[in-house]
Amino acid sequence: MADAGRRLIAAKIRPPALPGVVIARERLEAALLAAAEGRHIVLIVAGAGAGKTTAAVQFFAARERPAAWLSVDPADRVAGRFVTYLSGALGELDPRLGAMVRDLLADGLPPEDCAALLAEQVGAGWTVVLDDLHHLEPDAPALAALRAFLRSLPPTSLAVLVSRRLPSVDLAQEVLSGRVEGLFDDELAFRLEETGALLAAREMTADPASVQEAEDLFGLSLETARKQGALSWELRTAVSLARLSHEAGKREHASLLLVPIVGKFSEGFYTPDLKQAMQLVNELGGDTPVREQADAAK
């Protein structure tokens, strides 16, 4: 356990709970195991709601060697905070590390140097999962600390980087040496048989092929809307896709898809499209910054 003196949000340094119904995706599990074999860094990069975190949690749980988890959020853009929580996550494996980094920061050592020194303490065979790294993009000061950590991480350890976009870290040497592997949207996408298994697990009678085809079409529409910067179109498509995913039993997928898009709005909370979207967010149990703004506008 991490040292008792730290005051950290415990949920950030533990894997999140999985949804109530989760199917085994042997194909994806095998791909992750193969990606990690003999590698130093594994990238899991895909859009919102693709199942990145679920895949990472299942991979984390299956690791037989020591493993640490950090869920990154927007507040971690501050380098000192990022390094503090990173040391707290690793402190779950070695309680000395949290206190070490706090002392180094208190002495005025730059966060990136603290991150490098922290990485040097990572044990052989350890796995470090960093989830939601997109919150640091594109230019957070914490990225310098992340780069320093990865540069100094022992080659006998494994870093799993989970993000909606490729992390802004220099991996050229690792790529050239074959020490980096990645899983992206295509690998994470549900196959027809996986959709069928999820529907069966949810005791739903929908046709898997019809659900899969509809999701593909909505996904294409969503991509087109984003490319054209058509936010209203993007919202309407996201609501339709999120509702379909929810009805197919992919509640987490639906929430992770819709919440970030709703969060782009700063006005128009009582337009029909946005009201419908926010109602669906409530049904899914998600949260979004616009909810407080909408309440304040009443």
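The values are calculated or read from the model by the stated rules, or taken from the named source; none is laboratory data. Because the structure is predicted, anything quoted here is derived from the model rather than measured. Virtual Cβ from ideal backbone geometry, glycine too; neighbours counted across all protein chains shown.
Observations
- Any chance GLY80 is surrounded by fewer than 19 Cβ atoms within 10 Å (Cβ to Cβ), free of Cβ contacts under 8 Å to residues at least 24 places away in the same chain, within 24 Å of ALA140 (Cα to Cα) and not assigned by TED's automatic domain parsing to the domain that holds GLY249: no
Residue-wise test of (1) within 23 Å of HIS134 (Cα to Cα); (2) crowded, with 23+ Cβ neighbours inside 10 Å; (3) of a type outside the set (Phe, Trp, Tyr).
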{"position": "ALA225", "(1), (2), (3)": "yes, no, yes"}
{"position": "GLN228", "(1), (2), (3)": "yes, no, yes"}
{"position": "TRP233", "(1), (2), (3)": "no, no, no"}
{"position": "LYS250", "(1), (2), (3)": "yes, yes, yes"}
{"position": "LEU256", "(1), (2), (3)": "yes, yes, yes"}
{"position": "VAL262", "(1), (2), (3)": "yes, yes, yes"}
{"position": "THR271", "(1), (2), (3)": "no, no, yes"}
{"position": "GLN279", "(1), (2), (3)": "no, no, yes"}
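- Region 141-192, residues that are hydrophobic (A, V, I, L, M, F, W, C) and under 16 Å from GLU120 (Cα atoms): ALA145, LEU146, ALA148, PHE149, LEU150, LEU153, LEU158, ALA159
- Among residues of region 176-197 that are within 18 Å of VAL22 (Cβ to Cβ), those with a Cβ under 7 angstrom from a residue that is modelled with pLDDT under 75, sequence gap 6+ or separate chain, pair up as THR195/PRO208; THR195/VAL211; THR195/GLN212; THR195/ALA248; GLY196/PRO208.
- In region 259-268 there is at least one residue that is out of contact with any His (no Cβ under 6 Å at 6 or more places or on another chain) and within 14 Å of GLU283 (Cβ to Cβ).
- ASP207 being within 30 Å of VAL122 (Cα to Cα) and not β-branched (Val, Ile, Thr): no
- Sub-7 Å Cβ pairs linking a first residue in region 125-137 that is at positive phi to a second residue that is of a type in the set (A, V, I, L, M), at least 6 apart or interchain, are ASP132/VAL72; ASP132/VAL162, ordered by first then second residue.
- Taken together, LEU8, LEU105, LEU109, LEU93 contain a single residue that is out of contact with any Lys or Arg (no Cβ under 6 Å at 6 or more places or on another chain) and either buried (at least 22 other Cβ atoms within 10 Å of the Cβ) or modelled with pLDDT under 95 (or both), which is LEU8.
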